[in-house]
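Data first, discussion second: the structure below is written as structure tokens.
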Amino acid sequence: MVVAALNILAVCDPGTDYGKRLADYAASRAGYPFELQVFSSLDQLFQYRDRKKPEAILLDSGLYRPKDWETYENPLFLLGNGLSKEDEPDCIFRYQEADSILKEILLLYRAKRPKLQMNVEKRSFSLYAVTDESESCRSEELAFVLAEQLSKNDRVLWLDLRTWPTFRQNHGCSDNDGMGEILYGLCRRKEDLIDQITEKVTSFHGVDLLPEVTDPADLLVVTVKDWKYLFEQLKNDSLYTAVVVVTGNLLQPLCEILELFDVIWIVWEELQMSCHHRMERYMQKTACPQIWQRITGIQLPADTAGQPEDRAVLQQLAKKTLGKDAEQDGRKYTS
């Protein structure tokens, strides 16, 4: 279990319901680096500010008095009409989606504090790969169910690198363009890579989803060193403690990429045994037999395919898989 002391963003707004809703939404964002503490009066805020020294404060613009903040050194943002005066802190427009507000706070904070320190007291970090030669829709669904189960114990980022991803469409998740931009920044070692990722993720069932790759050609320029760099950045500069990558069948050289992962699952259905055997022969007898020994096989049940109860069956399969893997590796997984 990860114990993390999150950076505190104090929110002071007379309308307590507004602040509470914003705090609840921030808590649902698995990778958001701030924990929101909500106050309805300046007296409460000042007592907390002097005692805890929050990393940033979001204050209703009507409560702002310059003399109250002469000794406060951390970023202060106002919540109001969005128009900042020259001699006042940056102002954030109140009447917009919570996701936009949180992203704007993070961008403004990063501008003032380029290196946001993650106050993690004790952390683990694990990389999970889900691979499937045939790229079936059900294996993609199982990959997300595995991520969903992991999110009960971890902060999870999910990255789908399949040639024809369908998860967002099947579940009505909003599209979020920008994976090509992230890959471009990755290949060029952009310093704001984690910022780009934070801006682009959307949350679904407690898991943060990176955008899908709309042009498979974008993946062809990403090297093993690039992927290794990305995972190191996520480990060192984000609050994610688990990253689940659906590898698809386009990433090459697959064996070298899979070596980067702590846990590797290969998924197949009974009707796709020929694809599974082809991949097994390639890895076990030709390319990387040592990697094949680390792979856990997951066979999808055939009798519930296309049935309403299929997702519940996949959830049970995911729990069983995670429990078995944790027991073998000496890790703790709580279903």
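The values are calculated or read from the model by the stated rules, or taken from the named source; none is laboratory data. Predicted model, so just to flag it, every value in this text is computed and none were measured. So basically every Cβ, Gly included, is an ideal-geometry build from the backbone, and we count neighbours across all protein chains shown.
Summed over segment 167-182, the residues that are touching a Leu at 6+ places or on another chain (Cβ under 9 Å) and either hydroxyl-bearing (Ser, Thr, Tyr) or within 18 Å of Val244 (Cβ to Cβ) (or both) give a count of 6. If we keep just the residues of segment 24-34 that are surrounded by fewer than 17 Cβ atoms within 10 Å (Cβ to Cβ) and closer than 16 Å to Thr198 by Cβ, which is modelled with the highest pLDDT? Within segment 24-34, the match that is modelled with the highest pLDDT is Ala27. Taking first residues from segment 215-229 that are under 12 Å from Pro253 (Cα atoms) and assigned by TED's automatic domain parsing to the domain that holds Trp164 and partners that are in a loop (DSSP other than H, G, I, E, B) and among the hydroxyl-bearing types (Ser, Thr, Tyr), no Cβ contact under 8 Å between residues at least 6 apart in sequence or on separate chains turns up.
Any residue at all in segment 56-64 that is touching a Pro at 6+ places or on another chain (Cβ under 7 Å), surrounded by 16 or more Cβ atoms within 10 Å (Cβ to Cβ) and assigned to a strand (DSSP E or B)? Taking every residue of segment 56-64 in turn, at least one turns out to be touching a Pro at 6+ places or on another chain (Cβ under 7 Å), surrounded by 16 or more Cβ atoms within 10 Å (Cβ to Cβ) and assigned to a strand (DSSP E or B).
Within segment 241-255, can one find any residue that is closer than 16 Å to Val130 by Cβ, of a type in the set (S, T, N, Q) and either assigned to a loop (DSSP other than H, G, I, E, B) or not assigned by TED's automatic domain parsing to the domain that holds Leu186 (or both)? Yes; the residues of segment 241-255 include at least one that is closer than 16 Å to Val130 by Cβ, of a type in the set (S, T, N, Q) and either assigned to a loop (DSSP other than H, G, I, E, B) or not assigned by TED's automatic domain parsing to the domain that holds Leu186 (or both).
Conditions tested, residue by residue: (1) modelled with pLDDT under 90; (2) aromatic (Phe, Trp, Tyr); (3) exposed (fewer than 12 other Cβ atoms within 10 Å of the Cβ).
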{"residue": "Leu79", "(1), (2), (3)": "no, no, no"}
{"residue": "Glu86", "(1), (2), (3)": "yes, no, yes"}
{"residue": "Pro89", "(1), (2), (3)": "no, no, no"}
{"residue": "Tyr109", "(1), (2), (3)": "yes, yes, no"}
{"residue": "Lys122", "(1), (2), (3)": "yes, no, yes"}
{"residue": "Ser126", "(1), (2), (3)": "no, no, no"}
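For segment 70-111, a tally of residues being assigned to a loop (DSSP other than H, G, I, E, B), touching a helix residue (DSSP H, G or I) at 6+ places or on another chain (Cβ under 6 Å) and either without any contact (Cβ under 8 Å) to a residue 24 or more places away in the chain or over 14 Å from Ala56 (Cα atoms) (or both) returns 1. Beta carbons closer than 6 Å, at least 6 apart along the sequence or on distinct chains, pair a first residue in segment 152-163 that is in the same structural domain as Leu219 (by TED's automatic domain parsing) with a second that is surrounded by fewer than 24 Cβ atoms within 10 Å (Cβ to Cβ) and acidic (Asp, Glu) for Asp160/Glu212; Arg162/Glu135. Exactly one residue among Phe125, Phe144, Phe204 is within 18 Å of the chain's Cα centre (by Cα), farther than 30 Å from Gly306 by Cβ and aromatic (Phe, Trp, Tyr), and that residue is Phe125. Taken residue by residue, segment 45-52 has at least one member that is surrounded by 18 or more Cβ atoms within 10 Å (Cβ to Cβ) and modelled with pLDDT of 85 or more.
Of all residues in segment 256-275, those satisfying the criterion of being within 29 Å of Lys152 (Cβ to Cβ) and not in a loop (DSSP other than H, G, I, E, B) are Ile257, Leu258, Val263, Ile264, Trp265, Ile266, Val267, Trp268, Glu269.
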